[in-house]
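Novice: Got a structure here, written out as structure tokens. Questions coming.
The values are calculated or read from the model by the stated rules, or taken from the named source; none is laboratory data. Note that the coordinates shown come from a computational prediction; the quantities given were computed from them, not determined experimentally. With ideal geometry, Cβ positions are generated from the backbone for all residues, glycine too; neighbour counts draw on all protein chains shown.
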There are 2 protein chains.
Amino acid sequence: MQVIRDPQKLILALKKSKAGKNKTIGFVPTMGAMHTGHLNLIKQAAKDNHIVAVSIFVNPQQFGPGEDLKFYPRPLKKDIQLCRKQGVDFIFLPDNKIMYPDGYSTFINVGRLSHLLCGAKRPGHFRGVATVVAKLLNIVKPDNLYLGQKDAQQAIIISRMIKDLNFPVKVNVLPIVRFKDGLALSSRNTYLNKNERTSAVVLFKALRLAEILVSNGQRNANRIISRMSQLIEKNKKAKIDYIAIVNQEQLKEMKKVKTGSLIALAVKIGKTRLIDNTIIGCI
Amino acid sequence: MQVIRDPQKLILALKKSKAGKNKTIGFVPTMGAMHTGHLNLIKQAAKDNHIVAVSIFVNPQQFGPGEDLKFYPRPLKKDIQLCRKQGVDFIFLPDNKIMYPDGYSTFINVGRLSHLLCGAKRPGHFRGVATVVAKLLNIVKPDNLYLGQKDAQQAIIISRMIKDLNFPVKVNVLPIVRFKDGLALSSRNTYLNKNERTSAVVLFKALRLAEILVSNGQRNANRIISRMSQLIEKNKKAKIDYIAIVNQEQLKEMKKVKTGSLIALAVKIGKTRLIDNTIIGCI
């Protein structure tokens with residue numbers, strides 16, 4: 001496994017590694033602080049491709065002022081060990097200066113999609129995400145890109161950008177990985193104290209409630225959201241940021257739940273903002 | 001020579017054409033209505049590369065409301081003949097719907113650079129340019145990109161985007177091609193009537209004046225601009241849009257002319273907006 005900090009060196013190393021053969025590259029972009037969710041993406045990339053590249057970069061452009069850029073966990077040694085164990089071929093480990101040198105000017109906007117749900121609460125966030133992913137795609141030139149369904153809006157926006165800008169890469173979105181009690185794995189879970197960790201399961205519970213309501217025949221989005229809100233509000237540590245039932249293509253709010261509807265929510269548990277979601281199966 | 005309208009087909013054809021060999025692709029993006037300026041780019045691309053691809057696409061995203069999208073010349077047959085004569089391998093000829101299908105959402109902004117000079121007069125223009133070039137780069141995946149110095153700001157913005165987003169392509173900017181009387185070749189020259197065509201040489205004359213003033217020791221940008229303005233204003237058909245003396249990196253206005261300064265201007269001749277520029281050599 002090679003750990004490479006310089007984009008030009010990575011480009012050359014990948015070229016050499018592919019040289020002349022029809023080898024495919026699977027790419028997993030991360031901000032590090034890896035958990036089983038990331039490792040699942042890496043495993044799938046290894047299964048599908050000859051070469052696996054992982055980037056670890058806490059991208060300052062996707063953090064707003066007052067957000068947790070400074071405190072975001074950076075257990076780099078552990079991350080590198082985990083990657084090695086999974087048979088990763090290349091870790092791309094750039095720094096801010098090489099990604100955004102003096103005079104850097106270019107940003108990618110994915111329109112309306114970026115201003116809804118999490119985008120409404122985190123202005124500039126998805127601009128930062130789209131921009132860094134475009135840069136990483138141009139450096140790594142993967143055949144397959146692996147993203148987690150946990151960040152549903154992110155996966156939708158990146159997929160839209162890739163389609164719109166004709167990036168020659170296939171997007172693979174893998175299911176959310178959860179703890180036994182249902183909490184979705186997230187690098188930000190480390191911010192939770194013991195009581196908050198217990199409370200945090202309320203996001204999953206609200207989604208389960210929604211699924212049960214739907215499977216019992218409820219289709220009215222407002223009523224489902226209202227029941228989810230009630231459940232969450234019972235928990236004193238929890239503060240709802242948003243709950244939304246939308247279609248996956250345009251993130252458009254739906255009055256009636258349908259097959260493929262995305263139910264997404266963001267909830268603050270103490271000071272920690274957590275997100276989670278579910279996609280409604282065939283109904 | 002193959003004329004291909006579908007991006008996926010072009011991607012496959014180029015892949016086949018490159019297959020297994022270390023062949024390079026030279027790419028010339030155009031809006032058609034080709035003149036010797038374009039042909040020079042194609043010639044250079046053919047000289048430098050094994051494979052030459054040219055795109056012809058009048059990109060609606062880079063025209064503002066009230067601009068000449070509808071009237072922009074589209075002599076397609078002639079363009080295809082010219083390309084064939086130059087030994088072009090692939091013409092990419094997409095339509096609006098395949099480039100910007102329903103739901104298209106993604107746009108690239110190259111910050112401040114896009115809002116100065118021509119960008120100040122044509123809001124959204126360079127956003128459209130950057131976006132379509134990114135799309136074309138992802139489809140054609142060229143090793144070398146060829147641009148004309150006539151559109152100096154465009155070349156600067158595209159170069160900035162390519163650097164910022166790590167597009168793996170080398171930018172080659174080729175000199176302005178001029179008629180004997182000095183007028184820069186432009187697809188928009190066809191809009192000029194006979195009298196306007198005579199007047200249009202005033203852009204070149206103003207640039208020549210600036211060069212002479214500089215070579216005579218004048219360094220004060222305001223004085224040079226003032227002399228250029230006087231010269232242009234003598235011509236009743238000419239209306240100055242802007243005259244600027246800037247550095248090439250940031251298009252920042254300069255008080256003193258230096259080696260490498262860009263002197264750029266846009267002038268309306270009748271209803272036709274023309275641009276031209278010169279770069280100050282070693283002084």
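Novice: Restricting to the range A:254-283, what's the tally of residues that are of a type in the set (Lys, Arg) and outside any strand (DSSP E or B)?
Specialist: Adding up the residues that qualify gives 3.
Novice: State whether the residues of the range B:157-173 include one that is more than 14 Å from every other protein chain (Cβ to nearest Cβ), touching a residue at least 40 places away in the same chain (Cβ under 8 Å), surrounded by fewer than 21 Cβ atoms within 10 Å (Cβ to Cβ) and β-branched (Val, Ile, Thr).
Specialist: no
Novice: Could I ask something else about it? If A:LEU251 satisfies all but one of (1) in a loop (DSSP other than H, G, I, E, B); (2) of a type in the set (A, V, I, L, M); (3) farther than 21 Å from A:GLN154 by Cα, what's the number of the condition it fails?
Specialist: (3)
Novice: Next question, about the same structure. Being surrounded by fewer than 19 Cβ atoms within 10 Å (Cβ to Cβ) and either assigned to a helix (DSSP H, G or I) or hydrophobic (A, V, I, L, M, F, W, C) (or both) is the filter here, so list the residues in the range A:117-127 that pass it.
Specialist: Matches in the range A:117-127: A:ALA120, A:LYS121.
Novice: Does B:LYS141 satisfy the condition of being basic (Lys, Arg), closer than 15 Å to B:ILE25 by Cβ, more than 8 Å from chain A (Cβ to nearest Cβ) and touching a Leu at 6+ places or on another chain (Cβ under 9 Å)?
Specialist: No; evaluated as a whole, the condition is false for this residue.
Novice: If only one of B:ASN222, B:ASN277, B:ASN247 is surrounded by fewer than 18 Cβ atoms within 10 Å (Cβ to Cβ) and more than 14 Å from every other protein chain (Cβ to nearest Cβ), which one is it?
Specialist: Step by step, each of B:ASN222, B:ASN277, B:ASN247 is checked, and only B:ASN222 is surrounded by fewer than 18 Cβ atoms within 10 Å (Cβ to Cβ) and more than 14 Å from every other protein chain (Cβ to nearest Cβ).
Novice: Under 8 Å between Cβ atoms, at least 6 apart or on separate chains: pull out the pairs that start in the range B:109-125 with a residue that is farther than 16 Å from A:ILE108 by Cβ and end on any residue that is in a loop (DSSP other than H, G, I, E, B) and hydroxyl-bearing (Ser, Thr, Tyr).
Specialist: Final answer for the pair search is B:ARG112/A:SER105.
Novice: Can you tell me how many residues within the range B:183-203 are among the hydroxyl-bearing types (Ser, Thr, Tyr) and within 23 Å of B:ARG74 (Cβ to Cβ)?
Specialist: 4
Novice: Suppose the filter is assigned to a strand (DSSP E or B) and under 23 Å from A:LEU147 (Cα atoms); does A:ILE240 pass it?
Specialist: no
Novice: So, B:THR30, is that one β-branched (Val, Ile, Thr), within 24 Å of B:ALA152 (Cα to Cα) and in contact (Cβ under 8 Å) with a residue 24 or more places away in the chain or not?
Specialist: Yes: the conditions hold for B:THR30.
Novice: Something else about it: Exactly one of (1) closer than 26 Å to A:LYS163 by Cα; (2) in contact with a helix residue (DSSP H, G or I) (Cβ under 8 Å, 6 or more places away or on another chain); (3) of a type outside the set (Gly, Ala, Ser); (4) surrounded by fewer than 18 Cβ atoms within 10 Å (Cβ to Cβ) is unmet by B:ILE139. Its number?
Specialist: (4)
Novice: Next question. At pLDDT 95 or above and either among the β-branched types (Val, Ile, Thr) or at negative phi (or both), is that true of A:PRO65?
Specialist: Criteria not met by A:PRO65.
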